[in-house]
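Undergrad: Pasting a structure below so you can have a look.
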Amino acid sequence: MNLPRRLWLLATLLLATTMLVAACSDDSGSEDATSEPTTSGETTETGTPTSTEAGGETSNAMPGEGVSVQPARATWNTGYFQEAIYSAALEDLGYDVAEAQELDNPIFYQSVAAGDVDFWANGWFPLHNQYEETFSQGAEIAGTVAVGGALEGYLIDKAGAEEFGITTLADFERPEVKEAYDADGDGKADLHACPEGWGCNTVIGHHLDDLGLRDHINEITAGYSASMADAVARYEDGGHILFYTWTPNWTVNVLAPGEDVVWIGLPQPSYPEEIDEDRLTISGVAGAVSDPLLMGFPANDINVVANSQFLDENPAAAKMFELIQIPLEDIFAQNAQMNDGEDSQDDIDRQAREWIQAHQSDWDAWLAEARAAAEM
């Protein structure tokens, strides 16, 4: 009889222990009733803020959750990087970001005003002032990617500038200069310019008309990258080249101003809209034939342009657009990587994330401010 009684006592003791453990547990069955609940201010090991509070409700760590965003990007590939960074920012705020639509300037500004796309980070102002009447009815400038350092103008090979004494576009009226820069034998100097639909196409066309240079300069408006590849090949074969470019751009990495090419100017101020003419003259341009130089283009800001209703309904996105800035030298560096062959979408997305990691403390601060804006 003693053995069964011992087993009965052991079973009773185990049952009591189990009931004691259950009584010490919380109602939800968690193993540690004293543990602190996760809050929106905490982060996971990857640095992504958590999104639940003690009551199990969603916090503003992901204020874009459930909202779809349609970005756009320009047709010039040197602007792809900016779009990738801004889209990554919205993804980090929880937005569902679609693949960017690649649009020419006029179509973008119509589309963003109508709400067919939500934003792009490829606005160039004052160059794009010509589209303001189109977009101002439903969209607005929402942030600045880079301030005042985006230059535009005309360059020629340094050897030609020295041989012929070329300093402005007016020098292409001279027969010996036209002949040296005439690649197709039509009697005009070839200018590798901008495709139709780009803001620079309007300005270049105005310069040629206003300065009476149509009979002396042939404006090439084919796809820019292909056209410039032809110019680079001609230069490498010892030929003379005249081209338009902007910064940041891969062209000035391949053809270094002051070494391979030089910036030349206009013979007199010219611009397709009323502007303070002093803005067309830029000082301190590396590789220019003079300092200052009448470039014919004002220094531009690169801006975010976004649909106004989207901004009103998404204060976190609006704040992020306002806060992000990308140093021009970082855009130059990424453009150089693209020119070296790292130009697939996967490459660009990776480059954007690498840039974010290199500026992680700023990035985290911007995200925090954007989340705070969503709570107001």
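Undergrad: Under a 1.4 angstrom probe, counting protein chains only, how are Met62, Met376 ranked by accessible area, largest first?
TA: Largest accessible area first, the residues go Met376, Met62.
Undergrad: What's the carbon and sulfur percent of the range 294-376's accessible surface, probe 1.4 angstrom, rounded to a whole number?
TA: Roughly 45 percent of what the probe reaches on the range 294-376 is carbon or sulfur.
Undergrad: What list of ³J(HN,Hα) values in whole Hz, one per residue of the range 365-375 in order, does the Karplus curve 6.51 cos²θ - 1.76 cosθ + 1.60 (θ = phi - 60°) give from phi, with Gly and Pro shown as x?
TA: 5, 5, 4, 4, 5, 5, 5, 5, 5, 6, 8
Undergrad: From the backbone phi of the range 128-139, what are the Karplus-calculated ³J(HN,Hα) couplings (6.51 cos²θ - 1.76 cosθ + 1.60, θ = phi - 60°) in whole Hz, Gly and Pro given as x?
TA: Rounded to whole hertz, the list is 8, 4, 5, 9, 4, 4, 5, 8, 5, 6, x, 9.
Undergrad: Amide H to amide H, which residues 5 or more places from Trp124 or on other chains are under 5 Å from it, using H placed in the peptide plane?
TA: For Trp124, whose amide H was placed from the backbone, the distant partners under 5 Å are Asn303.
Undergrad: Now for a separate question. With θ set to phi - 60°, apply the Karplus curve 6.51 cos²θ - 1.76 cosθ + 1.60 along the range 185-198 and write out the HN-Hα couplings as whole Hz, x wherever there is a Gly or Pro.
TA: Once rounded to whole Hz, the list reads x, 8, x, 10, 6, 8, 10, 6, 10, 10, x, 4, x, 8.
Undergrad: At what distance in angstrom do the alpha carbon centres of the range 244-273 and the range 319-363 lie from each other?
TA: Using only Cα atoms, the two centres lie 24 Å from each other.
Undergrad: Want the number for Glu132 to Ala256: 0.36 nm per residue separation, take away the alpha-carbon distance, what's left?
TA: Extra length from Glu132 to Ala256 when fully extended: 41.2 nm.
Undergrad: Just the number please: accessible area per residue for the range 241-308, 1.4 Å probe, all protein chains included, in Å².
TA: 35 Å²
Undergrad: Which lysines, on any chain, are close to Lys178 with Cα under 29 Å apart, when same-chain ones fewer than 8 places away are left out?
TA: Lys158, Lys188
Undergrad: What residues qualify as long-range amide H neighbours of Arg73, i.e. H under 5 Å apart, gap of 5 or more or another chain, H built at 1.01 Å from N?
TA: Residues meeting the amide H criterion: Gln101, Glu102, Leu103.
The values are calculated or read from the model by the stated rules, or taken from the named source; none is laboratory data. As the structure is a prediction and not an experimental result, all values here were calculated from the model. In case anyone asks, the SASA skips ligands and DNA or RNA and just uses the protein heavy atoms, side chains included. Shrake-Rupley method; radii C 1.70, N 1.55, O 1.52, S 1.80 Å.
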